[in-house]
1. Report the relative contact order of segment 9-98, percent, no decimals, based on alpha-carbon pairs under 8 angstrom and at least 6 residues apart.
2. For mean projected area of the Cα convex hull in nm², pick the label among (1) 8.9; (2) 11.6; (3) 8.4 that corresponds to the value derived from the coordinates.
3. Could I have the simple spin-label model distance between residue 99 and residue 62, label points 7 Å from Cα toward Cβ, reported in nm to one decimal?
Amino acid sequence: MSYFQWQSPLHWFGVTLGSSIWLAISGGVLLARGHPLAGAVFVSGFAVLAVAASAMWARRARSSADHSWQGWLMGMWGVGLLATAVSHVTESYTALNLDAAGLLYLYGGIGIGVPLLMADGYCRQRSGGQRGVFGALFDIIASFV
């Protein structure tokens, strides 16, 4: 039996859209503060992830929850890094009340955190849901963030 199972729509959309809503909020702030390019990238990134989550949900009868979750995390990783890089290059991150250290934490959180979530999901799927050594290590690392 697979560790990841399709649950209710509230579960799927709550997790996917809830963990990416920061893109829409940040995009709105950037647009309101006069940063149209960066704002559009953030808002568009959220829209792309919302469409992807909806498409994955629509195909749930033909697709495994594990593969959909891993694909969504990969999309979140790419969109999050792209949006962060655009805010960095355009120097609009200050409109989000981030300083250079905050921007570095954002890069690290997305750049390292999302792949760690993917690795944790992969290990849990392969172990039938057992936390194992990697899961325990991930829990320890996550407790510091």
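Quick note: the coordinates plus some simple rules give every number you see, no bench work behind them. The structure presented is a predicted model; accordingly, all values stated were derived computationally and were not measured. Note: ideal-geometry Cβ built from the backbone for every residue, glycine included; neighbour counts use all protein chains shown.
1. Averaging sequence separation for qualifying contacts and normalising by length gives 34 percent for segment 9-98.
2. Here mean projected area of the Cα convex hull in nm² agrees with entry (1).
3. Distance between label points: 5.2 nm.
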